[in-house]
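Computed from the coordinates by the stated procedures, all read-outs in this text should not be read as laboratory data. As the structure is a computational prediction, the values presented were derived from the model and not from experiment. Here the Cβ is made from the backbone with ideal geometry for all residues, glycine too, and neighbour counts use every protein chain on show.
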Amino acid sequence: MILKNKKFLITITVISAILLLFSSKWKKQKADIVSTVSQQTSSSSQNKTKTKNEQKSVIYSFYLDDDRDGLSNAKEIIYGTDPLNPDTDNDSYTDGNEVKHGYDPLLPGSARLKNRKTNNLTQQFFLWAQETKNISEPTLSPNLINEFIDSQINTEVKLPKIELDELNILYLDKNENNLEEIQKYLIGLKKISLPDNFKNYQEIAEKALNGETELLNNALNSLNQTQEKLLNLAVPSQLAEIHQGYIGMTKFLTQLFDDLRNVQKDPIKMYINAKKGQKLVKIVKDFDNQLKEKVKQIVK
């Protein structure tokens, strides 16, 4: 028999990998990965960020302040100001002084930060801490970040919609014995895997925050290849809906990693995506169980 005793050990290698990428808790002692970068004072080119002046660069740090304007190098990148110019908008007020008092350091005059149309999540976090916690110069404290996310941010996981015509579907007669095709699908699905050296989200995020993008680029290439393999895999029509979910999860995971391209400008998004990734783990388990139950029903 192709499916012995109608019992299955369904191990979806690429989907199971998500469990490894996000299953470890975003532990408090490791949550403040920003501080890992903040405390670095090395002049290595790896953790340097180019400024508007392409001839110069600064170390991405929440402690260093190269232009001595009261705004750290990292916060200059977050707010979009020039870390080598203490008064980016030339209005006679330093960038740090303007941010501390809620003014936009990119616009001369009385423009307020909260009225920016392009506030990223980290800027929103700093404004929230100033206005609700009365912290004039907020830092990326893990406890404060968690409170902000829990009270202000929707971390619901919404998988992207995958159309049926995107799949390579085998339309099988439900009245016929299709066990062989189902077995081929399960074997093919199991063969689709991420590389053994694929790093977890936290490790890749730490590197990206430090300006090192090799791991991130490798991860994105692997995820794109995995998505392509899932799209090309021949799927029995009875399992098409579940396969849509697997591709949706892979696309969602790819987006979480792709967001790390801008992690220096918006580090809070990294924390938010880590929470989403942990919720994705539960969805993965649910889909895995659905597949097992669906196959059992088919072979009864």
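What is the local net charge at V263, summed over the other residues whose Cβ is closer than 10 Å to its Cβ (Lys, Arg +1; Asp, Glu -1)?
My count for the surroundings of V263 gives +1.
When E137, E214 are ordered from fewest to most other Cβ atoms inside 10 Å of their Cβ, what list results?
Working: E137 14, E214 11.
Taking fewest neighbouring Cβ atoms as first place, the list is E214, E137.
Taking amide H positions as placed 1.01 Å from N in the peptide plane, with prolines and chain starts having none, which residues 5 or more places from Y103, or on another chain, fall under 5 Å of its amide H?
L113
Ranking request for peptides 74-83, 250-259, 140-149: highest mean number of other beta-carbon atoms within 10 Å first, then the rest in descending order. Please list the in-between numbers first.
Numbers: 74-83: 24.1, 250-259: 19.7, 140-149: 17.8.
The densest-packed peptide leads the list: 74-83, 250-259, 140-149.
For L170, list long-range residues whose amide hydrogen, built 1.01 Å from N in the peptide plane, is under 5 Å from its own amide hydrogen.
For L170, whose amide H was placed from the backbone, the distant partners under 5 Å are V235, S237.
Translational diffusion coefficient, Stokes-Einstein: compute it for segment 108-160 using the Kirkwood radius over C-alpha pairs as Rh, at 20 °C and 1.002 mPa s, and state it as an integer in µm² s⁻¹. Can you show the working numbers first?
Values: Rh = 12.5 Å.
Answer from the Stokes-Einstein relation: 171 µm²/s.
How large are Rg and Dmax for segment 176-259 when only the alpha carbon atoms are used, in Å?
For segment 176-259, the Cα-based Rg and Dmax read 15.6, 57 Å.
Hey, fewest Cβ within 10 Å first, where do Y63, Y271 land in order? Mind dumping the intermediate values first?
Working: Y63 14, Y271 26.
Ascending Cβ contact count within 10 Å gives the list Y63, Y271.
Could you derive backbone 3J(HN,Hα) for segment 103-111 from the dihedral phi with the Karplus parameters 6.51, -1.76 and 1.60 (θ = phi - 60°), listing whole Hz in sequence and x where the residue is Gly or Pro?
Per residue, the Karplus-derived 3J(HN,Hα) values read 9, 7, x, 9, 10, x, x, 9, 4 Hz.
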